[in-house]
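Read the structure below first, then the notes.
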Amino acid sequence: MKNIVGIRFRKDNKIYSFDAADLPLKKDDHVIVKTEHGTAIGTVAVDVKAAPLYKLPMNLKSVIRKVTEEDLKIKKDNELLELEASRFCMDRIRERGLLMKLIDVECLFDKSQIVFYFTAENRVDFRELVKDLVQRFKTRIELRQIGARQEARMVKGIGVCGREVCCASLIHNLDRVSVKMAKEQSVSLNPEKISGLCGRLMCCLAFEFDAYQDMKRDVPKCGKTILTPEGRGKVIRQNILQGEIAVELEDGREITVNVSDL
């Protein structure tokens, strides 16, 4: 068995598993961890729990320590470097006329690499831009192209529901979202109503899909003829959240029936 803790990073809402060893960690603690790209600062998102070795990945990285005052000073210096790198990169993009949009910049804790996140509609030749960045910052540079959903997750914002977008708050993995999910939830297929800030189908359609499927399992489908306390009729509408259906009786009347009464 190993003690595993879930860590979330600033640029990514996804939770990653790390070996906590014997460190006394709790939720919202800031820690220094080893990653594939070097050391980084993360936040504990899931409390420590024991897991059998056979369920763990082979390349499981470990938590080094909790952050110290010195680590926080380094973090602040890195943030200033990120701001400088962002301004310089945007200036070079404009000067070189590159059709790309810089979204964010991330400097690894040990300054061994600076990652520039950008979006672009087509393939971009940024080789000269990379040379400019390497010459200026004297470290390893990576330009990472991201999609519209990843952009919304990084930038964040308020959705039509009045809450922070799901991809930045609730959803850890950006799963595939389909129109079928909207249909199953009886949502209007108006693109303006089912599209998020990123212009893609809203992530909440996938987040709530399984719950709707469970609730609909015992609800008669639209068009089905059923026997109600007031006689036979055809289901014409469903209200899944209320557990009710609208039924048109053989005599032409329309009634509302609770599924539990059937």
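The values are calculated or read from the model by the stated rules, or taken from the named source; none is laboratory data. Everything numeric in this text was worked out from a predicted model, so none of it was measured. Glycine also receives a Cβ, built like all others from the backbone with ideal geometry; neighbour counts cover every protein chain displayed.
General observations
- The set of residues in the stretch 36-60 being under 24 Å from Ala152 (Cα atoms) and of a type in the set (S, T, N, Q) consists of Thr43 alone.
- Among residues that are surrounded by 12 or more Cβ atoms within 10 Å (Cβ to Cβ) and either part of a helix (DSSP H, G or I) or aromatic (Phe, Trp, Tyr) (or both), Ala206 is included.
- Within the stretch 227-243, the set of residues being outside any loop (DSSP other than H, G, I, E, B) and either loosely packed, with under 15 Cβ neighbours inside 10 Å or free of Cβ contacts under 8 Å to residues at least 24 places away in the same chain (or both) comprises Leu227, Gly231, Arg232, Gly233, Lys234, Val235, Ile236, Arg237, Asn239.
- The residue that is farthest from Phe18 (Cα to Cα), among those in the stretch 55-103 that are under 26 Å from the mean Cα position of the chain (by Cα), basic (Lys, Arg) and surrounded by 12 or more Cβ atoms within 10 Å (Cβ to Cβ), is Lys101.
- The combined condition, being in a loop (DSSP other than H, G, I, E, B) and either under 26 Å from Gln135 (Cα atoms) or touching an Asp or Glu at 6+ places or on another chain (Cβ under 7 Å) (or both), is not fulfilled by Lys76.
- Meets criteria (at pLDDT below 85, surrounded by 14 or more Cβ atoms within 10 Å (Cβ to Cβ) and within 24 Å of Phe9 (Cα to Cα)) for Cys167: yes
For every residue, the table says whether it meets (1) closer than 28 Å to Arg149 by Cβ; (2) in contact with a helix residue (DSSP H, G or I) (Cβ under 9 Å, 6 or more places away or on another chain); (3) of a type outside the set (Asp, Glu).
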site: Thr35; (1), (2), (3): yes, no, yes
site: Ala40; (1), (2), (3): yes, no, yes
site: Ala51; (1), (2), (3): no, no, yes
site: Lys55; (1), (2), (3): no, no, yes
site: Ser62; (1), (2), (3): no, no, yes
site: Lys66; (1), (2), (3): no, no, yes
site: Leu72; (1), (2), (3): no, no, yes
site: Glu79; (1), (2), (3): yes, no, no
site: Met90; (1), (2), (3): yes, no, yes
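- Number of positions in the stretch 6-35 that are closer than 19 Å to Arg153 by Cα and aliphatic (A, V, I, L, M): 2
- Pairs with Cβ under 7 Å, 6+ apart, first in the stretch 121-143 and in the same structural domain as Leu81 (by TED's automatic domain parsing), second polar (S, T, N, Q): Thr139/Ser112; Thr139/Gln113; Arg140/Ser112; Arg140/Gln113; Glu142/Gln113
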